[in-house]
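**Student:** Mind looking over this structure? Questions follow.
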Amino acid sequence: MRNDMPTASIADIQSSEDPRNIPINHVGIRQVRHPIQVSDRSNTVLGTVGTFNMYVDLPAHVKGTHMSRFVALLHESETAYSVQNFNSLALEMAERLQAQKGRIEMQFAYFRKKTAPISQQQSYLDYEVTFLGKANNGKASTHLKVVVPVTSLCPCSKAISKYGAHNQRSHITVEIETCDLVWIDDLIELVEAQASSELYGLIKRADEKYVTETAYENPKFVEDLVRDVAEQLNNDKRITAYKVESENFESIHNHSAYAVIEQRKEEASSTSI
């Protein structure tokens, strides 16, 4: 088979007219894995793998979008991403796809080196992070979302039990909208400070004793976790809106405990971001 057909003579079906006159809100690609670089608070560049969902809107009169352009954009980008510069990727995507609106979700594992509290052993702990970039008529914004694993200890169990109290691993998920730069590390540290105890990748027996006793002295319901995190977010002037969730993977039940708070600061009532 001959492959020397000029590109200009190949039909561009996607750009043809569509007679149904129905616009599409989001069209694009999902679950694309691509190597990325991410900048941390100390300007260190970290290598990881991003999973991308990329969408644009499609006018009613256009048949389809050019899917290959999404992947080409990722392949050509050599930027070390941060919350500060992610807007540019969303804007570039909308421009290439000739769209008014665009949305990019980039989820990745973010590793932080942590030091055990007593033994001082160092190890890495991973966090699930998502950058959510939105472009709309030449303007862009980025939301930061972080899932922080922590320990929570039940206040009721501590109060009623003669021996010990049940504890569990919890996931606190925070998504924020900001008016100034907030680093991933800033948000992780804010959340971990509100837990019964933070987690470590590697601990020795002395560390285990410390973590267990720290959690015991700092019991929190799932409601306490989201309220305490929300209180800190309310006090941070860089953050204009947030959603904080906590899921406690209960150790004495076959279900999770869950709570969520959503707030846009300039509004008196709660709202979704």
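**Student:** Is it fair to say L125 is of a type outside the set (V, I, T), under 29 Å from K220 (Cα atoms) and crowded, with 20+ Cβ neighbours inside 10 Å?
**Tutor:** no
Each row is one residue, and each column tells you yes or no for (1) under 21 Å from M106 (Cβ atoms); (2) at pLDDT below 85; (3) part of a strand (DSSP E or B).
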site	(1), (2), (3)
A8	no, yes, no
H26	yes, no, yes
R30	yes, no, yes
P35	yes, no, yes
R41	yes, no, no
V56	yes, no, yes
G64	no, no, no
R69	yes, no, no
V83	yes, yes, no
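**Student:** If you don't mind, another one. Determine which single condition S152 fails, assuming it passes every other condition in (1) crowded, with 21+ Cβ neighbours inside 10 Å; (2) of a type in the set (S, T, Y); (3) free of Cβ contacts under 8 Å to residues at least 12 places away in the same chain.
**Tutor:** Only one criterion is unmet by S152, namely (3).
**Student:** Oh, and also: Looking only at residues in region 230-273 that are more than 18 Å from V150 (Cβ to Cβ) and of a type in the set (K, R), which one is modelled with the lowest pLDDT?
**Tutor:** Out of the qualifying residues, it is K265.
**Student:** Can M106 be described as closer than 15 Å to V32 by Cβ and more than 16 Å from the chain's Cα centre (by Cα)?
**Tutor:** No; evaluated as a whole, the condition is false for this residue.
**Student:** Taking only pairs six or more apart or across chains, which ones have beta-carbon atoms under 6 Å, a first residue in region 248-262 that is over 24 Å from A230 (Cα atoms), and a second residue that is surrounded by fewer than 16 Cβ atoms within 10 Å (Cβ to Cβ)?
**Tutor:** The qualifying pairs are S251/H166; I252/H166.
**Student:** Here's a follow-up. Restricting to region 148-200, and then to whatever is in a strand (DSSP E or B) and of a type in the set (V, I, T), can you tell me which residue is farthest from the chain's Cα centre (by Cα)?
**Tutor:** T151
**Student:** Right, another one. From the list D207, D180, which one is closer than 17 Å to F86 by Cβ, in contact (Cβ under 8 Å) with a residue 24 or more places away in the chain and either touching a Leu at 6+ places or on another chain (Cβ under 6 Å) or of a type in the set (D, E) (or both)?
**Tutor:** Checking each option against the conditions leaves just D180.
**Student:** Test E78 against the stated conditions and say whether it is touching a strand residue (DSSP E or B) at 6+ places or on another chain (Cβ under 9 Å) and either touching a residue at least 60 places away in the same chain (Cβ under 8 Å) or surrounded by 15 or more Cβ atoms within 10 Å (Cβ to Cβ) (or both).
**Tutor:** no
**Student:** Right, something else. Can you give me the number of residues within region 64-90 that are of a type outside the set (A, V, I, L, M, F, W, C) and in contact with a Ser or Thr (Cβ under 6 Å, 6 or more places away or on another chain)?
**Tutor:** Qualifying residue count, region 64-90: 2.
**Student:** For the list (1) of a type outside the set (D, E); (2) crowded, with 20+ Cβ neighbours inside 10 Å; (3) in contact with a Gly (Cβ under 8 Å, 6 or more places away or on another chain), I need the number of the one condition that S141 fails.
**Tutor:** (2)
The values are calculated or read from the model by the stated rules, or taken from the named source; none is laboratory data. As the structure is a computational prediction, the values presented were derived from the model and not from experiment. Backbone-built Cβ (ideal geometry, glycine too); neighbour counts: all protein chains shown.
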